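The values are calculated or read from the model by the stated rules, or taken from the named source; none is laboratory data. Since the structure is predicted, the reported quantities are computational estimates derived from the model, not experimental observations. Here the Cβ positions follow ideal geometry from the backbone for every residue, glycine too, while neighbour counts run over all protein chains shown. Please note that ligands, DNA and RNA were not included when accessible areas were found on the heavy atoms of the full protein model with its side chains. Shrake-Rupley method; radii C 1.70, N 1.55, O 1.52, S 1.80 Å.
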Amino acid sequence: MHDKILRQKEVQTITGLSRSTIYRHIEAGTFPAPVKLTERLIGWHYSTISDWLASRPEA
């Protein structure tokens, strides 16, 4: 089974985080870094985002 690649808008929708918040967390090391797909295109593996969400404390 292949791991779906999520684009930034999908990650924002799933996590409820804004673009700037995602990048702030990446810089802090508290959010998974994206994978480079092409020269100008990035994405995240669905399983990576799913694991990150599962590791978050319940609000």
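Summary table
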{"quantity": "Count of region 28-52 residues which are loosely packed, with under 10 Cβ neighbours inside 10 Å and part of a helix (DSSP H, G or I)", "calculated": "1"}
{"quantity": "Boolean, residue 51 is among the acidic types (Asp, Glu) and in contact with a strand residue (DSSP E or B) (Cβ under 8 Å, 6 or more places away or on another chain)", "calculated": "no"}
{"quantity": "Within region 30-59, tally of residues that are more than 12 Å from the chain's Cα centre (by Cα) and without any contact (Cβ under 8 Å) to a residue 24 or more places away in the chain", "calculated": "11"}
{"quantity": "The lone exception for residue 21 - which of (1) out of contact with any Leu (no Cβ under 9 Å at 6 or more places or on another chain); (2) open to solvent by 40 Å² or more (accessible area, probe 1.4 Å) it fails", "calculated": "(2)"}
{"quantity": "The lone exception for residue 5 - which of (1) more than 25 Å from residue 57 (Cβ to Cβ); (2) surrounded by 14 or more Cβ atoms within 10 Å (Cβ to Cβ); (3) free of Cβ contacts under 8 Å to residues at least 12 places away in the same chain it fails", "calculated": "(3)"}
